[in-house]
Amino acid sequence: MKAIVYVELKNGVLDPQGKAVSETLSRLGFDEVKSARIGKRIELELEDGLAKDAAEARVKEMCESLLANTVIERYQIELADA
Amino acid sequence: MKAGVIIFPGSNCDRDAITALKDITGQDPVQIWHKTTEWPKGLDFVVVPGGFSYGDYLRCGAMAGNSPIIPELKAFANSGGHILGICNGFQILTETGLLPGALLRNAGLNFVCRNERLIVSPNSSAFTSEYQSGSEIIVPVAHHDGNFFADDATLDMLEGDGRVAFRYADNPNGSARDIAGILSENRRVLGMMPHPERAIGGHEGGSDGRAMFAGVMNALATA
């Protein structure tokens, strides 16, 4: 089983990298871009045979203890059969 | 005063901290490798130094904040020990929850490396006891992720409780309310982005950081 974790800055937390990307896209003529936010995608390969609920609970624990800093970031978990 | 310095893989200001502590206290500080779970006996003061622990992987300070030594560091803090987190050390202390908030990428995106003017905020900590409240000191900064962030309620609490130790006179990184350093509730844990250990003798360009270490030493001597 695979778990995909998306970590991004919370709304309202300044993302200067996203801002720079957005500005550069505008400069390149992509005028439709109003803003850009940059996040991370973390792919975890988990042991086979885990129950989905149990796996999700464990990955949530991983997010809380290491993968995300919930002072500034939020996360989203997706589970997929490998 | 018995001092120690925690060393992580990628710490690069540990030597600066050791040199500063030795110069000011006259004794070699204990070097504590991050993988140990045995806390040296009799420590009064610990520096969590600057650098790029674990290559800043995932987030600055995230890996170091989960090192084997961290539960011991927390126990030391809970027992009333004095801790100074400098730069990456500040980031690590916020990751462990010993200090509130987080350090984001500098608003201007650039790595900032220069002398900064800091204003000593009114507070009552050993770290600032040798400075005049409201005075201006010059301490170098060198960081990419020093933009202090916390929600408004936390910022109000820090300001209301006199837990802001230093503010930038000329904010180099977009930090909320110009905050350069903050204190724990018991005022014995200080996290700051500027490097006082790089301003102790003059040959590095200044000596305004010296009074911080002297302040801790005096407070411990009279305790």
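Quick one: Cα centre-to-centre distance for the stretch B:33-109 and the stretch A:28-82, in angstrom?
Between the Cα centre of the stretch B:33-109 and that of the stretch A:28-82, the gap is 25 Å.
How large is the charge dipole for chain B, taken about the Cα centre, if only the Cβ atoms of Lys, Arg (+1) and Asp, Glu (-1) carry charge, to the nearest 20 debye?
Working: 17 positive and 24 negative charges, 69 e Å.
Roughly 340 debye for chain B.
Convert 10 °C to kelvin, take the viscosity as 1.306 mPa s, use the Kirkwood radius over C-alpha pairs of the stretch B:3-222 as Rh, and evaluate the Stokes-Einstein diffusion coefficient in µm²/s, rounded to a whole number. Each step should come with its number before you reach the end.
Working: Rh = 16.9 Å.
In µm²/s, the coefficient rounds to 94.
Using the Karplus curve 6.51 cos²θ - 1.76 cosθ + 1.60 with θ = phi - 60°, what ³J(HN,Hα) values do you get for each residue of the stretch A:17-25, in whole Hz, with x for Gly and Pro?
Values per residue, Gly and Pro as x: 5, x, 5, 5, 5, 4, 5, 5, 4 Hz.
Tell me, what is a quarter of the convex hull surface for the C-alpha atoms of the stretch A:2-80, in nm² with one decimal?
Details: hull surface 25.5 nm².
Averaging across all directions leaves 6.4 nm² for the Cα convex hull.
Which log10 I(q)/I(0) values, to two decimals, does the protein assembly as shown give at q = 0.06, 0.09, 0.14 Å⁻¹ under the Debye formula with one point per Cα?
Cα-only, vacuum Debye calculation for the protein assembly as shown: -0.22, -0.48, -1.04.
Compare the peptides A:30-36, B:64-70, A:50-56, A:7-13 by average per-residue count of other Cβ atoms within 10 angstrom and give them in order, highest first. Kindly include the intermediate steps, with their values, before the conclusion.
Numbers: A:30-36: 10.6, B:64-70: 20.6, A:50-56: 12.3, A:7-13: 15.0.
Ranked by mean Cβ neighbours within 10 Å, highest first: B:64-70, A:7-13, A:50-56, A:30-36.
Lysines near B:K22 by alpha-carbon distance under 17 Å, same-chain residues fewer than 8 away left out - which ones?
B:K2
What fraction of the DSSP beta bridges in the protein assembly as shown is antiparallel, stated in percent and rounded to the nearest 5? Don't skip to the end; give the middle numbers.
Values: 36 of 51 bridges.
Of the beta bridges lying entirely in the protein assembly as shown, close to 70 percent run antiparallel.
Cα-Cα over 26 Å: which of A:K10/A:K60; A:K19/A:K40; A:K40/A:K60; A:K19/A:K52; A:K52/B:K74? Intermediate results must be reported in sequence, preceding the final value.
On the way: A:K10/A:K60 17 Å; A:K19/A:K40 16 Å; A:K40/A:K60 16 Å; A:K19/A:K52 37 Å; A:K52/B:K74 34 Å.
From A:K10/A:K60; A:K19/A:K40; A:K40/A:K60; A:K19/A:K52; A:K52/B:K74, over 26 Å: A:K19/A:K52; A:K52/B:K74.
Say a paramagnetic label sat at a point 7 Å from the Cα of B:L220, along Cα to Cβ; which residues of the stretch B:120-139 have their backbone N under 13 Å from it?
So the set is B:126-127.
What nm value, rounded to one decimal, do you get for the distance between A:T24 and A:A36 when each label is placed 7 Å out toward the C-beta?
In this crude label model, A:T24 to A:A36 measures out at 0.6 nm.
Would you order B:I92, A:I77 from fewest to most other beta-carbon atoms within 10 Å of each residue's own beta-carbon? Intermediate values should be presented prior to the final figure.
Values: B:I92 34, A:I77 18.
Fewest to most other Cβ atoms nearby, the residues stand as A:I77, B:I92.
Assuming R0 = 22 Å, can you tell me the calculated FRET efficiency for the pair B:K41 and B:R15, based on Cβ-Cβ distance, to the nearest 0.05? Provide the component values of the computation, followed by the final result.
Working: r = 24 Å, r/R0 = 1.08.
Taking R0 as 22 Å, the efficiency between B:K41 and B:R15 is 0.40.
What is chain B's relative contact order, in percent, from Cα pairs under 8 angstrom and six or more apart in sequence? Please report the intermediate quantities before stating the final value.
Numbers: 511 pairs, mean separation 44.6, N = 223.
Relative contact order, chain B: 20 percent.
Pulled fully out, how much extra length does the chain show between B:N110 and B:K2, if you take 0.36 nm times their separation in residues and subtract their Cα-Cα distance? List each step's numbers first, then the result.
On the way: separation 108, 0.36 × 108 = 38.88 nm, distance 3.74 nm.
Between B:N110 and B:K2, full extension yields an extra 35.1 nm.
Loop only per DSSP, at most 16 neighbouring Cβ atoms within 10 Å: give me the trypsin sites (Lys or Arg not before Pro) in the stretch B:1-47, ordered by residue number. Show your work: numbers first, answer last.
Numbers: sites: B:K2, B:R15, B:K22, B:K35, B:K41; in loops: B:K2, B:K35, B:K41.
The qualifying sites are B:K2, B:K35, B:K41.
Using a 10 Å cut-off around each Cβ of peptide B:98-105, what is the average number of partner chain Cβ atoms that fall inside? Numbers along the way, then the final one.
Details: counts 0, 0, 1, 2, 6, 2, 7, 6.
Other-chain Cβ atoms within 10 Å of each residue's Cβ, averaged: 3.
Which residue, B:N171, B:N147, B:N88, tops the fluctuation ranking in a GNM of chain B built on C-alpha contacts under 10 Å?
B:N171
Report the label-to-label distance for B:D161 and A:E56 in nanometres (one decimal), using points 7 Å from each Cα along the Cα→Cβ vector.
Modelled inter-label distance: 3.6 nm.
What list do you get for B:S207, B:S175, B:S184, B:S133 if you sort them by fewest beta carbons within 10 Å?
B:S133, B:S207, B:S184, B:S175
Taken together, the values in this text are just the output of simple stated rules run on the coordinates, not laboratory data. Values in this document were obtained by computation on a predicted structure and should not be read as measured data. In this analysis, Cβ positions are derived from the backbone assuming ideal geometry, glycine residues included, and neighbour counts consider all displayed protein chains.
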